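The structure appears below as structure tokens.
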Amino acid sequence: MKKYKEYIDYSEYAGLCNILVHKIKESEDYKTKQLCFVYGIPSGGLPLAVHLTKHLNLELILDLNSIKYEKGKILICDDISDTGQTISKLFSDNKYCGFEFLKERSLVATLCTKEDSIQQPDFYCFVVDPQIWVVFPWEDYNEEMIKGV
């Protein structure tokens, strides 16, 4: 079955980031200052994490082992929750200090999610049909780089 591509340019990306900022600011975790950290999953989550850090005035962390879990919650960012495997693996990976607490002390923000993802984010802008391949502005648009599409 052929997948269709949906391209998001930098202007659309900025608008989506601002939608997420608004949604997160409306959350109880943000209003009550429980949300303290932002972590971006490399590579798609890093641009989003930087944007959210600046607009939400939260601390950007680059290493999950550096978090002091007693201090507050962490916002984990990725560009898309496609299958949900990336975030699920993050929550079950024992290489992180205090990983057993990571899932219960985390919120997840993505620009979009697939309707059949096994890990739905807490914050997202839109739902994507499973047959859509979302191409973000930092990705290579070269047809040969996207296998199976």
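Looking only at the stretch 5-35, which residues are of a type in the set (Phe, Trp, Tyr) and in a helix (DSSP H, G or I)?
10, 13, 30
Scan the stretch 25-34 residue by residue and report those that are modelled with pLDDT of 95 or more and touching an Asp or Glu at 6+ places or on another chain (Cβ under 9 Å).
Matches in the stretch 25-34: 27 only.
Please list, ordered by first then second residue, the pairs with beta carbon atoms under 6 Å, 6 or more apart or interchain, first in the stretch 114-127 and touching a residue at least 12 places away in the same chain (Cβ under 8 Å), second assigned to a loop (DSSP other than H, G, I, E, B) and of a type in the set (Asp, Glu).
114/82; 127/115
Does residue 47 count as touching a Pro at 6+ places or on another chain (Cβ under 9 Å) and under 23 Å from residue 93 (Cβ atoms)?
Judged against the criteria, residue 47 is a match.
Rundown of residues vs (1) modelled with pLDDT of 95 or more; (2) part of a strand (DSSP E or B); (3) under 10 Å from the mean Cα position of the chain (by Cα), yes/no style:
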| residue | (1), (2), (3) |
| --- | --- |
| 37 | no, yes, no |
| 49 | yes, no, yes |
| 79 | yes, yes, yes |
| 83 | no, no, no |
| 95 | no, no, no |
| 104 | no, no, no |
| 111 | yes, yes, yes |
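The values are calculated or read from the model by the stated rules, or taken from the named source; none is laboratory data. Remember, predicted model here, so these are calculated numbers, not experimental data. Note: ideal-geometry Cβ built from the backbone for every residue, glycine included; neighbour counts use all protein chains shown.
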